[in-house]
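Here the structure comes first, spelled out in structure tokens, and everything after it is commentary.
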Amino acid sequence: MNTRKTYTVEEATKRMERYCTYQERCHKEVNQKLYEMRMIPQARDQIIHHLLQHNFLNETRFAQAFARGKFRAKKWGKQRIVNELKIREISKFNIQIALKEIPDSEYYKTFEELAEKRMDQLISEKDLQKKRKKLADYLFYRGWESDLVYGKVKEI
């Protein structure tokens with residue numbers, strides 16, 4: 001016997017309004033949630049349309065909040081932010097708007113702080129090549145641009 005709850009379109013709409021109010025969501029997340037709720041495609045389209053019309057769902061706002069949040073909280077570089085937004089099927093246009101949320105001065109300051117912090121952690125590494133590789137790998141993983149990373153690595 002199947003014990004999973006079924007929802008009317010109204011119930012699902014109210015539930016998705018709460019879901020979108022809690023934090024910014026992208027279309028892909030909302031669509032996935034509706035799919036998990038076993039809503040038929042027509043109902044999913046209807047609910048997403050309602051969320052867009054009533055400003056519960058806004059891709060530009062999502063992209064901006066995502067970029068700000070990941071940069072400030074996780075210290076991600078622009079490359080990683082762009083890749084993660086692409087995975088969420090955010091348009092190039094909205095990705096460009098989102099990247100404007102990160103002031104250049106704050107971006108470079110954060111990069112320097114992150115690189116210095118990692119260098120302090122690698123103080124025990126005696127092999128210069130290994131130290132450079134570890135620093136570069138760390139910064140690339142975080143999504144920082146190669147020109148910044150290689151510039152920093154050369155300083156060692």
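The values are calculated or read from the model by the stated rules, or taken from the named source; none is laboratory data. The structure presented is a predicted model; accordingly, all values stated were derived computationally and were not measured. A quick note on method: Cβ atoms are made from the backbone with ideal geometry, for glycine too, and the neighbour counts reach across all protein chains shown.
In segment 114-133, of all residues being outside any loop (DSSP other than H, G, I, E, B) and touching a residue at least 12 places away in the same chain (Cβ under 8 Å), the one that is farthest from Lys70 (Cα to Cα) corresponds to Leu128. Filtered by the rule that a residue be in a loop (DSSP other than H, G, I, E, B) and over 17 Å from Asp120 (Cβ atoms), segment 134-156 gives Gly143, Trp144, Glu145. Only a single item in (1) hydrophobic (A, V, I, L, M, F, W, C); (2) surrounded by 19 or more Cβ atoms within 10 Å (Cβ to Cβ); (3) in contact with a Gly (Cβ under 8 Å, 6 or more places away or on another chain) is not met by Leu148, and it is number (2).
Is it the case, given these coordinates, that Ile90 is in a loop (DSSP other than H, G, I, E, B) and not assigned by TED's automatic domain parsing to the domain that holds Lys14? So Ile90 passes the test.
Filter segment 28-63 for residues that are in a helix (DSSP H, G or I) and among the aromatic types (Phe, Trp, Tyr); which is surrounded by the fewest Cβ atoms within 10 Å (Cβ to Cβ)?
Taking segment 28-63 as the starting set, the residues that turn out to be in a helix (DSSP H, G or I) are 28-36, 41-53, 59-63.
Restricting the remaining residues to those that are among the aromatic types (Phe, Trp, Tyr) gives 35, 62.
Details: Tyr35: 12, Phe62: 24.
Out of the qualifying residues, it is Tyr35.
Scanning segment 93-106 for residues that are under 30 Å from Val30 (Cβ atoms), assigned to a helix (DSSP H, G or I) and not polar (S, T, N, Q) gives Phe93, Ile95, Ile97, Ala98, Leu99.
Report the residue count in segment 80-109 for those that are β-branched (Val, Ile, Thr) and touching an Asp or Glu at 6+ places or on another chain (Cβ under 7 Å).
Looking only at segment 80-109, we keep the residues that are β-branched (Val, Ile, Thr), and these are 81-82, 87, 90, 95, 97, 102.
Okay, now just the ones that are also touching an Asp or Glu at 6+ places or on another chain (Cβ under 7 Å), so 90.
The total comes to 1.
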